[in-house]
Amino acid sequence: MKIVVVGGSGLIGTKLVSKLRERGHEALPASPSSGVDTLTGEGLAEALKGAQVVVDTTNAPSWEDAAVMNFFETSTRNLLDYEAAAGVGHHVALSVVGSERLLASGYFRAKIAQENLIKGSSIPYSIVRATQFFEFVKGIADFSTEGNKVHVPSALIQPMAADDVASAVGRIATGSPVNGTVEGGGPDKVLLDELVRLDLAARMDASE
């Protein structure tokens, strides 16, 4: 099976490509570094030729409200249009558990917009929602830092390892479209602020 992994050079995409190839699939990583740009459409027609499945693991380069909305809307529309022209039979997208409850954030408004475009398309689809990745804790801390203080809520989360996320996405991608949403989370509930404190301590960071 030919499976195109858009965002295939990123954290999840790289792991997913390896797992799919191990299972005998023709997994093609597609990203700007390989000449495929979902924002402009460059390289998409060639990359999607003969593909049965497309998996979108992309993430926006900027989380500024207008920029992130433009990224997910433009990228998703281009992908769906090119997939329809190529006869792709299954669109898989990686999203985030609880996005609809976090609409104060421009990032999560953009993820919901992405999901709605997929649901409104004629292409059979599966949306895989995952909880936060352990690997992104540092990024959350950096994004939430003002001066030498980190401002994060004491919210309960169920973080997952990126490797487990990639495995879950791979199982969905090689199965039949669910035409709905599948959610997955880590086995343990932890407080986000405590997790960030542990990460900062492990990296010997003096921020509070």
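The values are calculated or read from the model by the stated rules, or taken from the named source; none is laboratory data. Just so it is clear, the model here is predicted, and its values are computed rather than measured. Here the Cβ is made from the backbone with ideal geometry for all residues, glycine too, and neighbour counts use every protein chain on show.
Hey, any hits in segment 157-168 for a residue that's more than 24 Å from SER9 (Cα to Cα) and at pLDDT 65 or above? Yes, some residue in segment 157-168 is more than 24 Å from SER9 (Cα to Cα) and at pLDDT 65 or above. From the list LEU117, LEU200, the lone residue that is modelled with pLDDT of 75 or more and assigned to a helix (DSSP H, G or I) is LEU117.
PRO177 falls short on exactly one of the conditions (1) at pLDDT 70 or above; (2) surrounded by fewer than 18 Cβ atoms within 10 Å (Cβ to Cβ); (3) farther than 20 Å from LYS19 by Cβ, and that condition is (3). When ALA60 is tested against (1) farther than 21 Å from GLY180 by Cβ; (2) in contact with a His (Cβ under 6 Å, 6 or more places away or on another chain), only condition (2) is not met. Only residues that are among the β-branched types (Val, Ile, Thr) and free of Cβ contacts under 8 Å to residues at least 40 places away in the same chain: list them for segment 1-47, please. Selection gives THR14, VAL17, VAL36, THR40.
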